[in-house]
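K.L.:
Got a structure for you, questions after.
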Amino acid sequence: MTSVAAGQAGAQPDQIQILFHEIDRPGLASLDVYRDLGGYAMLKRALTEMTPEAVLAELQASGVRGRGGAGFAMGKKASFLPKGDMDKYLVCNADESEPGTFKDRELMQKTPHTLIEGLAISAYAVGANRAYIYIRGEYALQADVLEDALIEAKAAGYVGERIFGSDFSLELWVHRGAGAYICGEETALLDSLEGKRGNPRLKPPFPAINGLYGGPTLINNVETLMNAPHILKMGGAEFAKIGTETSTGTKVVSVSGCVRRPGNYEVVLGTPSRHIIEGLAGGAPEGRSIKAWFPGGSSAPVLPGTDEMLDLPYDFDSLAKAGSMLGSGAIIVIDDSIPIVDVALKTAKFYRHESCGKCTPCREGTNWTVKMLERVETGEATPMDLDIMASVCEQMMGNCLCVLADAMAMPIGSMIKHFREEFEAHIEAARERNGLGIAMPDTVNRGAHAGPEDLLGEPAYAGAAEAH
Amino acid sequence: MATVRRFEHGSRVPGWDEAADLTKDPAVVPDPASTPVPEDLRYEIEAYVARYPDVRSASIPALFAVQRWHGWCSPTAIEQAACVMRLTPAYLTSVATFYDMLETEPKGEHDVYVCTNISCSLRGGDQVYEAMLSAGGDDPSFNIRSFECLGACDIAPMASVNGIYVGPLDEDDCRTIVEDLKAGRTPLDAKQIRHRPQATSLTAEGPPAVDRVDVASGPSASGNDTFGNKDM
């Protein structure tokens, strides 16, 4: 299964394949082939030779961080679950809806048993006896594959009562969602799994204390859980040697948009971003250059396609330092033929559609941002709209139950920050097409307090109009 | 994305200016004696309910089941699910209206979701949506919708046809999909996602001609243009 041979340590970074090792082997989705490759050996070892505490210690030692978006250390999250005999739950978040992300789709479709094994190991570590895989409803093929694999695993005794003769029992089901981006947010996912509308809950209490049906719940992304068997096989400390100090292991990166070879690539964390975009994915199409890129799904702030940014190591901390985030590990590349205003509008419309409407800043903020961007598009805007938009984005951040508002505010805010000149040129050009005349960019207040407040205050604009 | 539908009085909420009828009895859990539910459907919903500690958790699977049975989440369909699950129809309606894939209005039998989110639209997803509409938009048996990211940006621009992912699509493919569905064939077999190997085995010119990997069993497609990583 795993083959990070010692000899490979000095090899090219992208040659270490953990999750993608043998991924295209015919029949890997079936139990027989998976077992031939050493599958379920780690589950057996965990259940028969290790205590839950020892498994948890290995997960913690590996330093593996959540692959779903937030990047929280998995072992640490698992250790927050209280000890005791209460009903505990493990939920696998397979509601992969972040635009640009499709890693879990390929992993679940091709090697579903790795997920089941990882789930069982993690459930043992935290003492959960019920687990659910919440998969998005659109992934019909992957859900079917998972359900078939689950039937095989149950028949073989890897899931069910007293697995491998131990005291550990696990009940596992695949739960299909029905099309809602918000259900990828952990507390909204729990509400959805409880059969309610998918609205996020107030945190704290965090799901580790009060989650599914009020019980302690561990929620992890597909890719995170799939790492568990490999961590046990290698040993947590050995796993932690891959990648950088704070971003251990490999990451399956989904590269899409304006590149020649879009697809999933497994890289060691810390690999230069340029190597992923230009080396593996082939870079921008012939004759074009990279204008901007989302490093971690459409919720991550965009970075300009400058040399400095493209040379960033692709890991959690380097991207955070550069003002963006690794997120779900989805790189969307935008080339210089694409107007940034179109990208902003598309992104904002997505979040307006997917906002659940529970918190006002998000429900109203996404809506008005779209309206302002539509005005920019049609030529009814002035550069002041950009200031208002930036201030709306600023006020959406951190003021809601979940981070969907931030997920719109961050990319839109960063696009305005990095490409303000293009927005302004777009506004002027569109106004000219509409015969509206220029928008007096020189007289517009672009200070931190721009917006309605200044309009009510000093009559800055009256004087400005005379000067023209 | 969709234009907001408004009622005659200008509001998006029907009957906002009409007082509630307080003389009416409150909606209750449907009575099994007066709510006929097909046997198979009842068994299916009961099997879902058995998977969870709480009956409500089976809401989404149950609504999918009645949607498959009735074609959409009609009031009758929701009443039947509510009857088996011992919940009020209003509760299940609140769930059904939240999710994109549960339809509370009559729809065509073939669901065609064209992804028009950012990664697909960077590669022409919007044009594919237009082409799909002009190919099958007039046929009432098609439910063609523009959809948010379906999680298959590697085959962008793509669509989900009755749950089967196909891509990368061009305008001719849209016509083929419509013809395939009308003829009862599996849509655009050569471009289905189950045939796609891992990206590193692909080159800019397309996939290698040999060593085809068929992830799920099924007829293997031929030709070098199958995955068509279009050299843009």
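The values are calculated or read from the model by the stated rules, or taken from the named source; none is laboratory data. None of the values given here were measured: they were computed from a predicted structure. Positions of Cβ are generated from backbone atoms using ideal geometry, with glycine treated the same way; all protein chains shown enter the neighbour counts.
K.L.:
So, in the stretch A:156-195, of the ones that are among the acidic types (D, E) and more than 7 Å from chain B (Cβ to nearest Cβ), which residue ends up nearest to the chain's Cα centre (by Cα)?
P.N.:
Applying the first criterion (among the acidic types (D, E)) to the stretch A:156-195 yields A:161, A:167, A:171, A:185-186, A:191, A:194.
Remaining after also requiring more than 7 Å from chain B (Cβ to nearest Cβ): A:161, A:167, A:171, A:185-186, A:191.
On the way: A:E161: 34, A:D167: 35, A:E171: 27, A:E185: 10, A:E186: 12, A:D191: 20 Å.
Looking at residues that are among the acidic types (D, E) and more than 7 Å from chain B (Cβ to nearest Cβ), I get A:E185.
K.L.:
Does the stretch A:197-213 contain any residue that is of a type in the set (D, E, K, R), within 14 Å of chain B (Cβ to nearest Cβ) and either touching a Cys at 6+ places or on another chain (Cβ under 9 Å) or touching a residue at least 24 places away in the same chain (Cβ under 8 Å) (or both)?
P.N.:
yes
K.L.:
Read through the list (1) touching a helix residue (DSSP H, G or I) at 6+ places or on another chain (Cβ under 6 Å); (2) assigned to a loop (DSSP other than H, G, I, E, B); (3) at the interface with chain A (Cβ under 8 Å from one of its Cβ atoms); (4) not aliphatic (A, V, I, L, M), then give the number of the only condition that B:Y165 fails.
P.N.:
So B:Y165 meets the others, but not (2).
K.L.:
Among the numbered criteria (1) under 18 Å from B:S119 (Cα atoms); (2) within 16 Å of the chain's Cα centre (by Cα); (3) surrounded by 24 or more Cβ atoms within 10 Å (Cβ to Cβ), which single criterion is violated by B:I177?
P.N.:
(1)
K.L.:
State which residue is nearest to the other protein chains (Cβ to nearest Cβ) when the search covers only the stretch B:82-130 and only residues that are small (G, A, S) and closer than 21 Å to B:Q192 by Cα. I'd like the intermediate steps shown before the answer.
P.N.:
Initial filter on the stretch B:82-130 (small (G, A, S)): B:82, B:90, B:94, B:96, B:108, B:119, B:121, B:124-125.
Now drop any that are not closer than 21 Å to B:Q192 by Cα, which leaves B:119, B:121, B:124-125.
Details: B:S119: 4, B:S121: 6, B:G124: 11, B:G125: 10 Å.
Here the residue is B:S119.
Condition check ((1) of a type outside the set (D, E, K, R); (2) in the same structural domain as A:S254 (by TED's automatic domain parsing)) across all residues:
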residue	(1), (2)
A:G287	yes, yes
A:G297	yes, yes
A:L303	yes, yes
A:L310	yes, yes
A:D317	no, yes
A:A322	yes, yes
A:M325	yes, yes
A:A348	yes, no
A:L373	yes, no
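K.L.:
Which members of the stretch A:83-128 meet the condition of being outside any helix (DSSP H, G or I), over 16 Å from A:L189 (Cβ atoms) and within 11 Å of chain B (Cβ to nearest Cβ)?
P.N.:
Of everything in the stretch A:83-128, those that are outside any helix (DSSP H, G or I), over 16 Å from A:L189 (Cβ atoms) and within 11 Å of chain B (Cβ to nearest Cβ) turn out to be A:D87, A:P99, A:G100, A:F102, A:T111.
K.L.:
Let me ask something else about it. In this structure, is B:D173 assigned to a helix (DSSP H, G or I) and closer than 22 Å to B:R68 by Cα?
P.N.:
On the way: assigned to a helix (DSSP H, G or I): yes; closer than 22 Å to B:R68 by Cα: no.
Considered against the rule, which asks whether it is assigned to a helix (DSSP H, G or I) and closer than 22 Å to B:R68 by Cα, B:D173 comes out as no.
K.L.:
Go through the stretch A:317-335 and report how many residues are crowded, with 24+ Cβ neighbours inside 10 Å, touching a residue at least 40 places away in the same chain (Cβ under 8 Å) and part of a helix (DSSP H, G or I).
P.N.:
The number of residues fulfilling the criteria is 0.
K.L.:
Okay, moving on. Failed condition for A:Y139, given (1) closer than 24 Å to A:S247 by Cβ; (2) under 21 Å from the mean Cα position of the chain (by Cα); (3) modelled with pLDDT of 95 or more, with all others met?
P.N.:
(1)
K.L.:
How many residues are in a helix (DSSP H, G or I) and farther than 23 Å from A:Y139 by Cβ when one looks only at the stretch B:101-142?
P.N.:
8
K.L.:
Could you tell me which residue of the stretch B:35-57 is nearest to the other protein chains (Cβ to nearest Cβ), considering only residues that are among the aliphatic types (A, V, I, L, M) and closer than 9 Å to B:V84 by Cβ? Even if it seems obvious, please write down each step before you answer.
P.N.:
Just the residues of the stretch B:35-57 that are among the aliphatic types (A, V, I, L, M), to begin with: B:37, B:41, B:45, B:47, B:49-50, B:55.
Still in the running and closer than 9 Å to B:V84 by Cβ: B:37, B:41, B:45, B:49.
Numbers: B:V37: 19, B:L41: 17, B:I45: 12, B:V49: 10 Å.
My answer is B:V49.
K.L.:
Would you check which residues across the stretch A:354-373 are free of Cβ contacts under 8 Å to residues at least 24 places away in the same chain and either within 12 Å of chain B (Cβ to nearest Cβ) or of a type outside the set (V, I, T) (or both) and list them?
P.N.:
Within the stretch A:354-373, A:G357, A:R363, A:E364, A:N367, A:K371, A:M372 meet the criteria.
K.L.:
For the stretch A:101-108, does any single residue satisfy the condition of being under 17 Å from A:L193 (Cα atoms), in contact with an Asp or Glu (Cβ under 7 Å, 6 or more places away or on another chain) and either at pLDDT 95 or above or surrounded by 24 or more Cβ atoms within 10 Å (Cβ to Cβ) (or both)?
P.N.:
No, because not a single residue in the stretch A:101-108 is under 17 Å from A:L193 (Cα atoms), in contact with an Asp or Glu (Cβ under 7 Å, 6 or more places away or on another chain) and either at pLDDT 95 or above or surrounded by 24 or more Cβ atoms within 10 Å (Cβ to Cβ) (or both).
K.L.:
Has the stretch A:336-350 got at least one residue that is assigned to a loop (DSSP other than H, G, I, E, B) and either away from chain B (no Cβ under 14 Å) or touching a Leu at 6+ places or on another chain (Cβ under 8 Å) (or both)? Steps first, answer last, please.
P.N.:
Quick first cut of the stretch A:336-350, residues assigned to a loop (DSSP other than H, G, I, E, B) only: A:336-339.
Filter again for either away from chain B (no Cβ under 14 Å) or touching a Leu at 6+ places or on another chain (Cβ under 8 Å) (or both), leaving A:338.
Within the stretch A:336-350, one or more residues are assigned to a loop (DSSP other than H, G, I, E, B) and either away from chain B (no Cβ under 14 Å) or touching a Leu at 6+ places or on another chain (Cβ under 8 Å) (or both).
K.L.:
Still on this structure, I have one more. Go through the stretch A:177-189 residue by residue and tally those that are over 19 Å from A:G211 (Cα atoms) and not in a loop (DSSP other than H, G, I, E, B).
P.N.:
Result for the stretch A:177-189: 1.
K.L.:
Quick check on my filter: what residues within the stretch B:100-130 are under 30 Å from B:A33 (Cα atoms) and of a type outside the set (S, T, N, Q)?
P.N.:
B:L102, B:E103, B:E105, B:P106, B:K107
K.L.:
Hey, another quick one. Does the stretch A:66-73 include one or more residues that are surrounded by fewer than 24 Cβ atoms within 10 Å (Cβ to Cβ) and outside any loop (DSSP other than H, G, I, E, B)?
P.N.:
Among the residues of the stretch A:66-73, at least one is surrounded by fewer than 24 Cβ atoms within 10 Å (Cβ to Cβ) and outside any loop (DSSP other than H, G, I, E, B), which makes the answer yes.
K.L.:
Can you pull out every residue in the stretch A:131-153 that is over 18 Å from A:K77 (Cβ atoms) and within 10 Å of chain B (Cβ to nearest Cβ)?
P.N.:
A:R136, A:G137, A:E138, A:Y139, A:A140, A:L141, A:Q142, A:A143, A:D144, A:V145, A:D148
K.L.:
Another one. Specify which of the listed residues (A:S256, A:S273) is at the interface with chain B (Cβ under 9 Å from one of its Cβ atoms) and at pLDDT 95 or above.
P.N.:
On the way: A:S273 fails: at the interface with chain B (Cβ under 9 Å from one of its Cβ atoms).
The conditions single out A:S256.
K.L.:
Yes or no: the stretch A:166-181 includes at least one residue that is surrounded by fewer than 24 Cβ atoms within 10 Å (Cβ to Cβ) and polar (S, T, N, Q).
P.N.:
Yes, there is a match, as at least one residue in the stretch A:166-181 is surrounded by fewer than 24 Cβ atoms within 10 Å (Cβ to Cβ) and polar (S, T, N, Q).
K.L.:
Continuing with this model, one more query. A:E185 versus (1) buried (at least 24 other Cβ atoms within 10 Å of the Cβ); (2) charged (D, E, K, R); (3) at positive phi: which is the lone unmet condition?
P.N.:
Going through the list (1) buried (at least 24 other Cβ atoms within 10 Å of the Cβ); (2) charged (D, E, K, R); (3) at positive phi, A:E185 breaks only (3).
K.L.:
Could you look through the stretch A:277-314, keep only residues that are part of a helix (DSSP H, G or I) and charged (D, E, K, R), and pick out the one that is surrounded by the most Cβ atoms within 10 Å (Cβ to Cβ)?
P.N.:
Going through the stretch A:277-314, the residues part of a helix (DSSP H, G or I) turn out to be A:277-280, A:307-310.
Now restrict to residues that are charged (D, E, K, R): A:278, A:307-308.
Values: A:E278: 17, A:D307: 7, A:E308: 9.
Out of the qualifying residues, it is A:E278.
K.L.:
Please go through the stretch A:361-420 and pick out each residue that is among the hydroxyl-bearing types (S, T, Y) and surrounded by fewer than 18 Cβ atoms within 10 Å (Cβ to Cβ). I'd like the intermediate steps shown before the answer.
P.N.:
Pass one, the stretch A:361-420, residues among the hydroxyl-bearing types (S, T, Y): A:366, A:369, A:378, A:382, A:391, A:414.
Listed by number, the residues that qualify are A:T378, A:S391.
K.L.:
Another question about this same structure. For the subset of the stretch A:254-276 comprising residues that are β-branched (V, I, T) and assigned to a strand (DSSP E or B), which member is surrounded by the most Cβ atoms within 10 Å (Cβ to Cβ)?
P.N.:
Per the stated criteria, the residue is A:V255.
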